[in-house]
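The values are calculated or read from the model by the stated rules, or taken from the named source; none is laboratory data. Quantities reported herein were computed from a predicted structural model and do not represent experimental measurements. A quick note on method: Cβ atoms are made from the backbone with ideal geometry, for glycine too, and the neighbour counts reach across all protein chains shown. Protein only, heavy atoms only, side chains kept; ligands, DNA and RNA dropped before computing areas. Shrake-Rupley method; radii C 1.70, N 1.55, O 1.52, S 1.80 Å.
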Amino acid sequence: MSEEQPRGAGTSLSAVLERITYANEETGYTIARVATERSGNELVTVVGPLLGAQVGESLRLTGRWITHQRYGRQFEVWSYATVLPATVTGIQRYLGSGLIKGIGPKMAERITEHFGADTLRVIEEEPKRLVEVPGLGPKRTKMIAAAWEEQKIIKEVMIFLQGVGVTTSIAVRIFKQYGENSIGVVRSEPYRLAADVWGIGFKTADTIAQAVGIPHDSPERVKAGIRHTLSEAADDGHCYLPVPNLVSDAVKILEVDPALVSACLEELAAEEGVVREEIPVAEGTVPAVYLVPFHRAERSLASALLDLLDTRADRLPSFAGVDWDKAMAWLRERTGADLADEQAQAVRLALTTKVAVLTGGPGCGKSFTVRSIVTLARAKGAKVILAAPTGRAAKRLAELTGHEAVTVHRLLQLRPGGDALYNRENPLDADLVVVDESSMLDLLLANRLVKAVGPGAHLLFVGDVDQLPSVGAGEVLRDLLAAGHIPRVRLTQIFRQAQQSGVVVNAHRVNTGLSPHTSGFPDFFLFPCEDADEIAALTVDVVARRIPRKFGLDPRRDVQVLAPMHRGAAGAGNLNLILQEALTPAREGMPERRYGGRVFRVGDKVTQLRNNYDKGAAGVFNGTVGVVVGLRPDDHALTVRTDEDELVDYAFDELDELAHAYAVSIHRSQGSEYPAVVIPLATSAWMMLQRNLLYTAITRAKKLVVIVGSRRALGQAVRTKGAGRRHTGLTHRLSLEA
């Protein structure tokens, strides 16, 4: 690449954004085509940080002209500002770009036809005159005026935030959180952003703080860094960090003296901003530091479980003296099958003890055991509640038992802020609560759930402890099994029918450290391929063409790609881009909406990225999957039908909550089950290739598993036992109070 002028000499270029060719959400780097006054019908290529700019906007670009060896002359953008267009055509494109709620391309054409070059002045100064335009009534006129006013305030906030190094997309989130107070908060309390604004981490808040003059060694900065370090650890699954780990990790982030971090940690503990406690481990004890919510939740969960176990009340008293031989004979008549000894033991345990755990791998009869428990309980008139952490898992639980099942979130009726309708003061009216896929339960959700189970009710946790632990902090199922006095049954016998399944057989082989059999089964295949780009291309071919042709499965509804990681050519991020083009390509005349590096179209498979208690009937939660069924440019909204069959609207400025889900990380697939699973394995994901990761991916499939990738990567995944235990104190607390 040859440069035509030195870096310091910035050039200004006025242009209208016509098309975004590529946008990287993580870096902001964008390749776009723009129209300028001099370019006529020829579009100019611009490259650089343009994330947040919308098609149709008039921009003032600052940068330089360069010549790319392959792509020729283009404008390298250093920074940009949006400006109001001056020509009628520019005004029409600006209004029709989707920036102003209530105005789509057709309405923009009508408005500019009526008011011409005076259009923007009319909207600004005389918005009531908009009713002169055919098809515009008072209601929509009011909406347009309000949206225009909000845009004005946003622009003021944007100018300030861009001055302290904030990208446009982040600035929009800050404005959504604080509104007109945005500038005041950013100036005086910049570290609040990391806690309050989804998508802003400590590093972004720290950059802003330094831009507004917060000193590098300020105690405020160091304490924020300590909280951030603990929050990052929670994102990695830890409920606490040992003090040496915490100080070391915080020093790396903050680049300050360890003594300053230790001193600020002591101040934080004294202020009750964090909790310090000695936690027993195999080697003795560790000085543990918790964020307050995780410390409270761990203590509360242990206390609630022990209270359930110890209470004399019993809401299933008839099973205390039941004739089990008769009960099992009756059950055999109802189901047409005998229970194995382990299964019979699990049935008795669930119906006679207040808290129990049922675990086991695929093909060992967990589902049939749960159905037997529910059948016997209902035969005695018991009120049974069935729940699971995800919509898909709840659907499957309902299918196998023949009774209604709901997600844990819906069961508890979580409200804005995360408070639950059902809790210790208002418990669930249930005699037996069965929770499937319990390996997915993180500490905070498990605590809310157990507190809502009333005295005397029975609580059964069902799950596969060998799968990946929960996405959130804690490993509740494993901690329960490690606490010796919690009643449990582990199913180990693989039934004869399951032994014919390559999915079941190979899941167990992988779980014991043996390589899967990649030939000889009609439901388990390996397509060997070494290069990551080739793995990606072959994965798309398998999903879009080979599986539908051979097995008659729908590539969007029935086939799920599960990737070890998000990044890289064979990662979920890139696979989503190329799978979308194969399965839901752009079509002439069909609306679509770009947000950052993503383009949303009707028919897209999408997933929710965070808990949002304000959406839907009872919130929409991280990991919820759905399909885009409507896209309305004039209303600035799209509609998703979730896997719980609920229609949920998203305003265009909320699309940072959605990502495409043609491919998802294996971690995000927990609790879900799909007819067919395709697993791309590349050596570039080397650090992520672990046994429980591969085991989890395989066990997500009902009918078919296809591995696309490197034999070497497959071998690495089978050999590597996985990361060590998470830092949790639940087992200790259960033993302490037992």
Rank Ala329, Ser367, Leu246 by how far each Cα sits towards the positive end of the charge dipole of region 233-373 (+1 on Lys, Arg Cβ; -1 on Asp, Glu Cβ) and give me just the farthest.
-> Ala329
Given 275-285, 254-264, the highest-first ranking by average Cβ count within 10 Å works out to 254-264, 275-285
What does the charge add up to near Asp249, with Lys and Arg as +1, Asp and Glu as -1, over the other residues with Cβ less than 13 Å from its Cβ?
-> -2
Over 32 Å between alpha carbons, listed pairs Lys395/Lys451; Lys326/Lys703; Lys223/Lys721; Lys176/Lys605; Lys142/Lys395 | Lys326/Lys703; Lys223/Lys721; Lys142/Lys395
If Lys and Arg each add +1 and Asp and Glu each add -1, what is the summed charge of the other residues whose beta carbon sits under 15 Å from the beta carbon of Leu386?
-> +1
Tell me, what is the per residue accessible area of the chain in Å², probe radius 1.4 Å?
-> 44 Å²
Roughly what % of DSSP beta bridges within the chain run antiparallel, to the nearest 5?
-> 60 percent
Using only Cα atoms, find the angle between the long axis of helix 168-178 and the longest principal axis of the chain, and express it within 0 to 90 degrees, rounded to the nearest 10.
-> 70 degrees
What's the carbon and sulfur percent of the chain's accessible surface, probe 1.4 angstrom, rounded to a whole number?
-> 49 percent
In order over region 511-522: 3J(HN,Hα) from phi, Karplus 6.51/-1.76/1.60, θ = phi - 60°, whole Hz, x for each Gly or Pro, gives 5, 9, x, 9, 5, x, 6, 9, 9, x, 10, x
Going toward the positive end of the dipole of region 607-738, with +1 on Lys and Arg Cβ and -1 on Asp and Glu Cβ, which of Leu681, Ala651, Val629 do you reach last?
-> Leu681
List every residue whose amide H lies under 5 Å from the amide H of Val406, counting only residues 5 or more places away in sequence or on a different chain, with H placed 1.01 Å from N in the peptide plane.
-> Leu386, Ala387, Ala388
Amide hydrogen neighbours beyond the local backbone of Gly454, cut-off 5 Å, H modeled | Leu428, Ala430
If you count, for each residue, the other Cβ atoms within 10 Å and average over each peptide, how do 265-274, 660-669 line up from highest to lowest?
-> 660-669, 265-274
Listed residues Val406, Ser79, Val185: farthest to the positive end of the dipole of the chain (Cβ charges) = Val406
Taking the highest mean first, how do the peptides 317-329, 398-410 order by number of other beta carbon atoms within 10 angstrom per residue?
-> 398-410, 317-329
How large is the dipole of the chain about the Cα centre if only Lys and Arg carry +1 and Asp and Glu carry -1, each at its Cβ, rounded to the nearest 20 debye?
-> 1840 debye
By the C-alpha gyration tensor axes a ≥ b ≥ c (rounded if a/c is under 1.5, else prolate when a/b exceeds b/c, else oblate), the shape of region 269-314 is oblate
Amide hydrogen neighbours beyond the local backbone of Leu459, cut-off 5 Å, H modeled = Val355, Ala356, Val433
Could you state the angle between the C-alpha long axis of helix 366-379 and the longest principal axis of the C-alpha atoms of the chain, as a value from 0 to 90 degrees rounded to the nearest 10?
-> 70 degrees
Show that you can apply the helix-only estimate: for the chain, add -39,500 (n - 2.57) for every DSSP H stretch of four or more residues, divide by all residues, and state [θ] at 222 nm to the nearest 500.
-> -11500 deg cm²/dmol
Which net charge results for the neighbourhood of Lys106, defined as the other residues with beta-carbon distances under 12 angstrom from its beta-carbon, given Lys and Arg at +1 and Asp and Glu at -1?
-> -2
What list of ³J(HN,Hα) couplings, whole Hz, do you get for region 713-721 from phi and the Karplus terms 6.51, -1.76, 1.60, once you set θ to phi - 60° and write x for glycine and proline?
-> 5, 4, x, 4, 5, 5, 6, 8, 5
Along its principal axes, what span do the Cα atoms of region 478-629 show, with the longest given first and each in whole Å?
-> 58, 43, 29
